[in-house]
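Report on one structure; see the data block that follows.
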Amino acid sequence: MNEKDTVFLISLGCAKNLVDSEHMLGMLRTGGFEPVSNIEDAGIALINTCGFIQPAVKEAVDTILEVVDIKKNGRLNKIIVAGCLVQRYGYKLRKEIPEVDGWLGTGEMHRILEVINETKQNPAPFYIGRPEYLVDHSVPRVQTTPFYTAYLRIAEGCSHKCSYCIIPGLRGPFRSRSMESLITETKEMADRGVKEINVIAQDTTRYGSDLKEAITLEDLLEDLVAVDGLKWIRLLYCHPDMISDRLLALMESEERICPYIDLPLQHVNKDILKAMRRNTTGESPYHLIERIRSKRRKISLRTTFMVGFPGETHEAFRELCEFVKAVEFDHLGAFIYSSEKGTRAALLSPEVKKDIAKRRLNKIMKLQEGIAEKLNQRMTGETLPVLIEGFSPETDLLLKGRTSAMAPDIDGQVLINKGNGIEGEIMNVLITEAHAYDLVGELV
C-alpha cells in the first residue's frame with residue numbers, strides 16, 4: 001500500500017471520544033486508507049482532541065505541535081485534527097497552526113474522507129457547526145480496544161446545565177440512539193468475540209428520555225443481557241439523580257450486568273452543589289448510597305469529585321472528606337476545578353488558591369488510597385472471576401486481568417503470578433495479596 005494511504009490515530013480524552021476515533025478509522029478504511037500502529041509508517045496523522053478543561057487543551061495543543069514537527073521532517077503528508085478542541089477553538093487554531101491540513105468539529109466527523117480529499121486547498125478545509133450528527137450501527141468502525149472488550153455509546157451530547165461544564169456547547173444536546181441500532185451493534189460485537197461491553201454516554205441513565213417511544217436504560221439493558229456471547233455489561237457515567245429502583249433490581253437479578261456503578265457525584269456540600277447547578281432538593285448522596293448498598297448483591301461504586309470549586313471553604317472540603325470516609329468508595333477519582341471561559345462558574349467567587357486546591361486533591365486521594373487498600377484486603381482468600389488481559393506490560397512473568405468490579409483503564413487490575421490463562425477468557429483467580437489499587441492472585 002502507498003504510504004499516502006496509511007493513517008496513524010492519536011485519540012485523546014475520554015472513552016466517548018475514542019468511539020468517535022474508531023468510527024473515523026472505520027470510514028477511512030472504507031475509503032481505502034489503512035490504519036497503522038506507528039506514526040513513522042503513516043502518510044496521514046489523525047488527532048482526535050479533547051478540549052473539556054485547560055489541562056486537556058494544553059495536552060491537545062502540545063500533541064498537535066509534536067506531530068507538526070514530525071511532518072516538517074518529511075515523515076507525514078497530512079495532519080487532520082478533529083474533536084472537542086476544534087469545536088471550541090477551531091477558528092483561532094486554524095490561524096495559529098497553519099501546518100494542519102484539515103479541521104473537523106465534533107459534529108462533522110462523518111466528513112473525514114471529504115476533508116482529506118480537500119486538503120490541497122488553501123486555506124485548509126475547516127468544518128465546524130452545531131453538533132447534531134449521531135452515529136448508528138451502519139457507520140463503519142474499527143475497534144481499537146482489545147478484541148474482548150468494547151465501548152457501546154448509547155447517546156451523544158448533554159442537556160444538563162452544570163455551571164462549570166462546556167460539554168453541551170461542545171457536543172450538543174442529549175440525543176439517544178435507537179434501541180434497534182444498539183442491539184444490532186452489540187450483536188455484531190459479540191459475534192466477533194467481544195465479551196465485555198462498557199455502556200457510555202454523557203449521562204447513561206438519561207437514555208431514551210428524548211425519544212418519542214417510552215424507552216429507558218432499563219429497557220435497553222433487558223435486551224442487552226439476551227445477546228448471546230456477552231458476559232459482562234458495565235455502566236459508566238451514571239447521573240446520581242437517575243438511579244432507579246428498577247435499575248438496581250436489574251443489577252441484582254441479571255448476572256451479566258456487572259455489579260458496578262460509575263456515579264460522578266462531584267461534591268456533597270449543598271452550597272457547592274447549588275453553585276455547580278447540581279440537584280440539591282432530591283435524594284441525598286448518603287441516602288442514594290444506602291439504597292444502592294441495601295441490595296443483596298454487592299455493587300462496587302466509583303465516583304468522581306471536584307476540589308477547589310469557587311466558594312469551597314475548609315468546612316465544605318472537610319464535609320467532603322467525612323463523606324468519603326463514611327461511604328468508603330471502591331474506586332474514587334478527583335480533579336482540581338478548572339475555570340473555563342464561557343461558563344457560569346467562571347464568574348463565581350471567591351476563588352480557591354491553586355496551592356490550596358492541590359493540597360485538597362492530595363489529601364482526598366491519600367484518604368482514598370487507605371480506604372481502597374482496606375477494601376482490597378478483605379478480598380484476600382476469595383476466588384473471583386477475572387477477565388484475562390494477557391501479560392503485564394511490566395513483565396511477561398505476570399498475567400494481568402480485571403474483575404467485574406474493575407472498569408478498563410480507570411480502575412485497578414489483578415496481577416496473576418501462577419497458572420496458565422487465556423487472553424479474553426473469564427477465569428477463576430484465588431486472591432492471595434492485596435494492595436491499594438491492585439490485587440494479586442493465582443489461577444485455580
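Near Arg297: Cβ cut-off under 13 Å, other residues only, Lys/Arg at +1 and Asp/Glu at -1. The net charge is +2.
A simple spin-label model places pseudo-atoms 7 Å from Cα toward Cβ; at Thr343 and Asp409 they are separated by 2.1 nm. Computed extension length for Ala214-Glu328: 37.4 nm, one decimal, from 0.36 nm per residue of separation with the Cα-Cα distance subtracted. The aspartates and glutamates whose alpha-carbon is closer than 16 Å to the alpha-carbon of Lys354, local same-chain residues fewer than 8 away aside, are Glu312, Glu340.
Directionally averaged projected area (segment 309-389, Cα convex hull): 8.0 nm².
If I take every Cα pair under 8 Å that is 6 or more residues apart in the chain, average their sequence separation and divide by the length, what percent do I get for the relative contact order? Relative CO of the chain lands at 9 percent. Size descriptor for segment 44-179, Kirkwood hydrodynamic radius: 16.0 Å (Cα pairs only, one decimal). The modelled label-to-label distance for the pair Lys374/Thr144, using points 7 Å beyond Cα in the direction of Cβ, is 4.0 nm.
Pairs exceeding a 18 Å alpha-carbon distance, out of Lys325/Lys374; Lys325/Lys363; Lys187/Lys298: Lys187/Lys298.
Using the Cβ-Cβ distance between Phe335 and Thr432 with R0 set to 41 Å, the FRET efficiency works out to roughly 0.75.
Residue order for Thr149, Thr49, Thr383, fewest other beta carbons within 10 angstrom first, comes to Thr383, Thr149, Thr49. Among the lysines, select those whose C-alpha is under 22 Å from the C-alpha of Lys92, and discard any that sit fewer than 8 residues away in the same chain. Correct list for Lys92: Lys58, Lys71, Lys72, Lys78, Lys120, Lys341.
If each DSSP helix of 4+ residues adds -39,500 (n - 2.57) and the sum is divided by the residues in the chain, what number results at 222 nm, nearest 500 deg cm²/dmol?
-10000 deg cm²/dmol
Taken over segment 383-443, the convex hull of the Cα atoms encloses 77 Å³ per residue.
When the alpha carbon gyration tensor of the chain is reduced to an equivalent ellipsoid, the three semi-axes, largest first, read 34, 28, 23 Å.
Based on C-alpha pairs under 8 angstrom that are at least 6 apart in sequence, segment 35-101 has a relative contact order of 39 percent. Using only the Cα atoms of segment 149-373, build the gyration tensor, take square roots of its eigenvalues as a ≥ b ≥ c, and label the shape rounded, prolate or oblate: rounded if a/c is under 1.5, else prolate if a/b is larger than b/c, else oblate. The shape class here is prolate. How high is the relative contact order of segment 107-202? Use alpha-carbon pairs under 8 Å, at least six apart in sequence, and give a whole percent. Reported as a whole number, the value is 33 percent. Partnerless cysteines in the chain, where a partner means another cysteine C-beta under 4.7 angstrom, comprise Cys14, Cys50, Cys84, Cys158, Cys238, Cys258, Cys321.
As a size descriptor, the averaged projected area of the C-alpha convex hull of segment 86-130 was calculated at 2.8 nm². Between the amide H of Thr6 and those of Glu34, Gly43, Ile44, distances stay under 5 Å, these residues lying 5 or more places away or on another chain, with hydrogens modeled in the peptide plane.
Across the options Ile166, Thr63, Trp232, the greatest Cα extent toward the positive end of the charge dipole of the chain (unit charges at beta carbon of Lys, Arg, Asp, Glu) belongs to Ile166.
Which net charge results for the neighbourhood of Asn417, defined as the other residues with beta-carbon distances under 13 angstrom from its beta-carbon, given Lys and Arg at +1 and Asp and Glu at -1?
-3
A simple packing score, the average count of other Cβ atoms within 10 Å per residue, orders the peptides 290-298, 272-280 as 272-280, 290-298, with the highest score first. With the simple spin-label model, which puts each label point 7 Å out from Cα in the Cβ direction, the Thr30 to Lys274 separation comes to 5.1 nm. When the Gaussian network model of the chain links Cα atoms closer than 10 Å, the mean-square fluctuations of His314, His239, His160 top out at His314.
Of all DSSP-defined beta bridges confined to segment 149-373, some 10% are antiparallel rather than parallel.
If I take R0 = 60 Å and measure r between the Cβ atoms of Lys161 and Val444 in this structure, what FRET efficiency does the formula 1/(1 + (r/R0)^6) give, to the nearest 0.05?
Computed FRET efficiency for Lys161 and Val444: 0.75.
Throughout, read-outs are computed from the coordinates displayed, never taken from laboratory work. This one's a predicted model, so the numbers in the text were calculated from it and none came from an experiment. Heads up, the Cβs are rebuilt from the backbone with ideal geometry, glycines too, and the neighbour counts pull from every protein chain shown.
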